[in-house]
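Student: Here's a structure for you.
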Amino acid sequence: MTFYFAWVDDGEAFSPLIHARQDVSIFSFEISAKEGQVPWARVRAQNPKQGLASFEKQWAYLSWKKPSGEIEILFYGQLLCVGQRLEGESIELSLCARASNHESQLKALCQELKKDPLWHHAFVSGDQAPSASEVLESRTALFYWDRCTGNVGLSDLFCGRSKLDLGEHFFADTLDVRLKEIPLRGVQICLKTSWVQSYEGVSDLTTLIRSRFPGGMVNTLTGENLTSKWWKSGEKIGRSGYWVDHSSLQEVPPLHTGPLDLYPAYSSKVWLSPHDPLSKEPVPKQIRFKRKWYKMKLILGWRYKQKRTEKVDIFLEQKTQPLGATQGKVRTLTIPIYGFEHAHVTAVWGPNVRYTPGFRLIYGEGVYECARRHTSGNTFNADEAQNWVRIGSKDAKNQAPQASFFTRPEGHVAIAHALEIGKAHLAASCRAVEITLTSSLEALSSVTCDHHMELIDPRLPGGRATGKVTSYRLTADGGRGLFRCEVTLGCAVGPRENAVPASDTINQTTDLGAGMWRTPSGLNFQGVSTQMPRLGIVNPQGLSAIDLVEDVHIAGLPSEQNAHILENQYPVRHNLKSALMEVKTEISIKLKDLRARPNLEHRIHVEGVSPWAGPCHIDLCAPKTT
């Protein structure tokens, strides 16, 4: 076998005619990778007796000539270490298959994944940009680095982008099958979010007050007293969040209704004592008090603020093949929802303003979150691409008055995302069987952690198995005559009917109607829109004056005043005005108490969740083969 090692420039394309050369003399090499990690190559070569910095080029291609005569790339990477193990005239070169633009590739991939239905911004704290692992939290996939290009992508936990039909082409005595762990029986998910329900409104009490007076108009025989005590605009009322938004009381002439006299301008005639302070004559006489009529307006402003916590309990079951008497565990996931406390975003974008990551504002019809620290330019459009991420529509700010989050459509989307996170945990545990084997270098020279592989062997249950490559090690050592590949496969133990699973089709969370919802990958669950909270004010924006006013009491109505002065006229009393002030008109309003409680907690239970089942890579219940 012939192996080649060529120093190259970063990004230089491979050409068999150019790079099938031996820039260093190779004694042996080992290429290894584990799922979700960057591949490495350790090459034992002739000692060039120079340090890392003295190498003219830092990148290299490792390739070989296959028995068919084809030149195949085995590895492309950057030299990161020289002389880790010195043995005589040989030295070990350590190379890493990670592209020089690795960080930007990973960032771009994460940004692309954030446009996917399997991403939800509220599951990541707004204080900082999401990490790569957080982007994968709801996916049955891991990052994958191509050992021949260094590029990063995603690889599914069960099915790689390529399949290797190894069949029986492996060393029989190296086959090892073992149960790595018992799959999870399910996940118990607790979603939690907290926010301050906040709403300000105004209510017109004019009609309510007028309806308490005969004729539907405010009127009294003690007008001066009523005017002096009438509410003033801006005045606070009580301790529970009310104030006078607008107030007016204007005297108007009474309406003329002819002989009906529905709106009398004066009281009944009463006798006035000659000793009364109002009298100017030495003998009794009859007088009438003026009855004043008013056009009034009273609008109260009010504010309701209540801290709320909402929790959702979800159980997602996993279906697997029976694995004996031992049952899998139930994993508990407590998942906080972030950002809902900022749903009442009111800040608007402005030029030449210093913004920090996580700050949220409104521009146009969208709600945006600052992605990085910056000072805004002259226009938002110039800043948007680099500095802002749209996280919703302007309507999102109207969520703040709501007494419940999860009962709303956006809450169901959050529940669906939590189920996808739970599914990812189940999927990782579903690969409970681990198969290791060794084959020739020729048979598995192209293997990667983005392959799934099919094996045939009578010792396997059912005579065959499929598995996703979770790790591998390619070894070539001419001195020992070793040219082989060791592979580890993760095999899912889903039910037998899932032997040929369909790949997940990712859609938006969907309202199926009849109270049922579907997650992006197809899990169904029963909606929770009917599980509304019962404590506090559930819908403050729907409150009217009738809801807020518990009672309007009028003391000293004109009819009562009229009867009182008739009873106390001369010769009973010698001070009619004093008698009239004993029944002066006063309006008292009893309002609903809007003071907040310390915290209102609401618990929701999600029912009707369809169980999840992974693929059947290996049939542990298969009958014995002959």
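Student: Only sites in a loop by DSSP and with at most 16 other Cβ atoms within 10 Å count here; which trypsin sites (Lys or Arg not before Pro) in the stretch 196-268 make the cut?
Tutor: Values: sites: 210, 212, 229, 232, 236, 239; in loops: 212, 229, 232, 239.
Counting only loop positions with at most 16 other Cβ atoms within 10 Å, the trypsin sites (Lys or Arg not before Pro) in the stretch 196-268 are 212, 229, 232, 239.
Student: Also, I was wondering about something else. Before anything else, pin down the relative contact order of the stretch 1-81: Cα pairs under 8 Å, at least 6 apart, normalised by residue count, whole percent. Don't skip to the answer; put the middle values down first.
Tutor: Numbers: 133 pairs, mean separation 28.2, N = 81.
Averaging sequence separation for qualifying contacts and normalising by length gives 35 percent for the stretch 1-81.
Student: Accessible area per residue for the stretch 464-606 in Å², computed with a 1.4 Å probe and the full protein assembly in place, what is it?
Tutor: On the way: 7470 Å² over 143 residues.
Value for the stretch 464-606: 52 Å² per residue.
Student: What does the extension gain come out to for residue 275 and residue 149, with contour length at 0.36 nm per residue minus their alpha carbon separation? Intermediate results must be reported in sequence, preceding the final value.
Tutor: Numbers: separation 126, 0.36 × 126 = 45.36 nm, distance 11.42 nm.
Contour length minus Cα-Cα distance gives 33.9 nm.
Student: Follow-up. What is the spin-label model distance, in nm, from residue 597 to residue 622 if the labels are put 7 Å beyond Cα along the C-beta direction?
Tutor: If labels sit at residue 597 and residue 622, their model points lie 6.0 nm apart.
Student: Here's something else I'd like to know. Heavy-atom accessible area of residue 547 with all protein chains present, probe 1.4 Å, nearest 10 Å²?
Tutor: Using a 1.4 Å probe on the heavy atoms, I get roughly 70 Å².
Student: Can I ask one more? Report relative contact order for the chain in percent, whole number only (criteria: Cα-Cα under 8 Å, sequence separation at least 6).
Tutor: Values: 1413 pairs, mean separation 115.9, N = 626.
Rounded, it is 19 percent for the chain.
Student: While we're looking at this one, here's another question. Indicate the gyration tensor shape class of the stretch 198-307 (rounded, prolate or oblate), computed on the Cα atoms with a ≥ b ≥ c the square roots of the eigenvalues: a/c under 1.5 is rounded; otherwise a/b larger than b/c is prolate and the rest oblate.
Tutor: On the way: a/c = 4.18, a/b = 2.20, b/c = 1.90.
It comes out prolate by the Cα gyration axes.
Student: In percent, what relative contact order does the stretch 217-285 have, based on Cα pairs under 8 Å that are 6 or more apart in sequence?
Tutor: Details: 50 pairs, mean separation 11.0, N = 69.
In percent, rounded to a whole number, it is 16.
Student: At R0 = 45 Å, how high is the FRET efficiency between residue 173 and residue 524 if r is their beta carbon distance? Nearest 0.05 is fine. It would help to have the intermediate numbers written out before the result.
Tutor: Numbers: r = 47 Å, r/R0 = 1.05.
It comes out at approximately 0.45.
Student: Roughly how many debye, to the nearest 20, is the charge dipole of the chain about its Cα centre, given +1 on each Lys and Arg Cβ, -1 on each Asp and Glu Cβ, and no other charges?
Tutor: Values: 72 positive and 66 negative charges, 554 e Å.
For this selection, approximately 2660 debye.
Student: Straight-line reach from residue 34: which aspartates and glutamates have a Cα under 17 Å away, not including same-chain ones fewer than 8 places off?
Tutor: In chain and number order, the partners are 146, 156, 434, 450, 486.
Student: Related question: FRET efficiency for residue 23 and residue 331, Cβ-Cβ distance as r, R0 = 41 Å, nearest 0.05?
Tutor: Working: r = 51 Å, r/R0 = 1.24.
Once rounded, the FRET efficiency stands at 0.20.
Student: State to the nearest 20 debye the size of the charge dipole of the stretch 1-67 about its Cα centre, where the only charges are +1 on K and R beta carbons and -1 on D and E beta carbons.
Tutor: On the way: 8 positive and 7 negative charges, 66 e Å.
In total the dipole reaches around 320 debye.
Student: Work out the FRET efficiency for residue 263 and residue 239 from their Cβ-Cβ distance, taking R0 = 41 Å, and round it to the nearest 0.05. Write out the running numbers ahead of the final one.
Tutor: Details: r = 38 Å, r/R0 = 0.94.
E(calc), rounded to 0.05, equals 0.60.
Student: If the reach is capped at under 22 angstrom between alpha carbons, list the lysines near residue 292, excluding any in the same chain fewer than eight residues apart.
Tutor: Cross-link targets: 229, 232, 269, 577, 584.
Student: Still on this structure: How much solvent-accessible surface does residue 65 expose, in Å² to the nearest 10, with a 1.4 Å probe and all protein chains in place?
Tutor: Approximately 90 Å² of residue 65 is accessible to the 1.4 Å probe.
Student: Counting each DSSP H run of 4 or more residues in the chain as -39500 (n - 2.57), what helix-only mean residue ellipticity at 222 nm follows after dividing by all residues, to the nearest 500 deg cm²/dmol?
Tutor: On the way: 11 runs with 85 residues, N = 626.
So the calculated ellipticity at 222 nm is -3500 deg cm²/dmol.
Student: For the stretch 1-85, build the charge dipole from Cβ charges (+1 Lys, Arg; -1 Asp, Glu) around the Cα centre, then report which of 16, 3, 38 sits farthest towards its positive end.
Tutor: Final value for the positive-end residue is 3.
The values are calculated or read from the model by the stated rules, or taken from the named source; none is laboratory data. Every value quoted in this text rests on a predicted model; they were computed, and no experiment measured them. For neighbour counting, all protein chains shown are included, and Cβ atoms are generated from backbone atoms with ideal geometry for every residue, glycine included. In case anyone asks, the SASA skips ligands and DNA or RNA and just uses the protein heavy atoms, side chains included. Shrake-Rupley method; radii C 1.70, N 1.55, O 1.52, S 1.80 Å.
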